[in-house]
Each structure stands twice: as structure tokens, then as C-alpha cells.
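Scroll down for the structure; my scribbles are underneath it.
Coordinate-derived values only; no laboratory data. Here the structure is a predicted model, which is why all the values come from computation and not from measurement. Note that each Cβ is placed from the backbone with ideal geometry, even for glycine, and that neighbours are counted across all protein chains shown.
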């Protein structure tokens, strides 16, 4: 018998890099979506690039529907790449920084430091 009855099983699938898929409370939550293939990616800083050495363990198609993206920041391709930006156009809600929500627009919701929101899963787009 568990000594911590409030702990429950939460399925988490590691996709690669900062990207994980979490199934919790009827929601499919994806963190920092990065699905581009390996390669060198230019940055806004002259002479500096990012090199991705490994692709995701599953494709966007295999991920399926996502209800929510938790995005730590949008300034670097190693946390939000081109494929991830395309994905955001299909996601009902992206929770990120206030600055990120201004830059991304769409369904991005910016939170201030220590601010929180309450999510209620009525019907998951991911089919969970």
C-alpha cells in the first residue's frame, strides 16, 4: 500500500530533447514541441547556429491530437522549431511566457512569473 495516496500514475512519453507528451486528467499535454529532423539551424545571432544531432522518437503524425502545449520559451529552435510552430496552429491552447504569447499570437496564453491557470478537460481533442 502506498504511503502517499495522492500520487497517481501519469503516462509520460519522451519524444526527444525538451519534448514530452503527458496524459493527465483527460488532457494530452505536449512540452516544447521540437519535431524537425537533425541538421544545422541558423540563429538570429550572426555566426552562431544550433546543431540537432538526433530526431524525435515519434513523428507528429504518431503523436496525434494535442490539447495543450506548455512552451517554456519561443526564442530558440531547440525549444520550438519550425515543425513545432506549425503544430501550434492546430492546438487549442499554448501556455507560455507573456512575451512569447505576444510574439506567437493565436491561441498562446502568456503567464507572468508564479501566475497559474486552471484547466478543465471537457472533451480531449486527442481522444483521451
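Peptide packing for 29-40, 81-92 was compared via the average number of neighbouring C-beta atoms within 10 Å per residue; ordered from the highest value, the list is 29-40, 81-92.
With contacts taken as Cα pairs under 8 Å at a separation of at least 6 residues, the chain carries a relative contact order of 23 percent. Extension gain for the segment residue 14 to residue 114, taken as residue separation times 0.36 nm less the Cα-Cα distance, is 33.4 nm to one decimal.
Which order, highest average first, do 69-77, 8-16 follow once you tally other Cβ atoms within 10 Å for each residue and take the mean per peptide?
69-77, 8-16
Ellipticity at 222 nm from helices only: DSSP H runs of n ≥ 4 in the chain, each -39500 (n - 2.57), divided by the residue count, give -3000 deg cm²/dmol.
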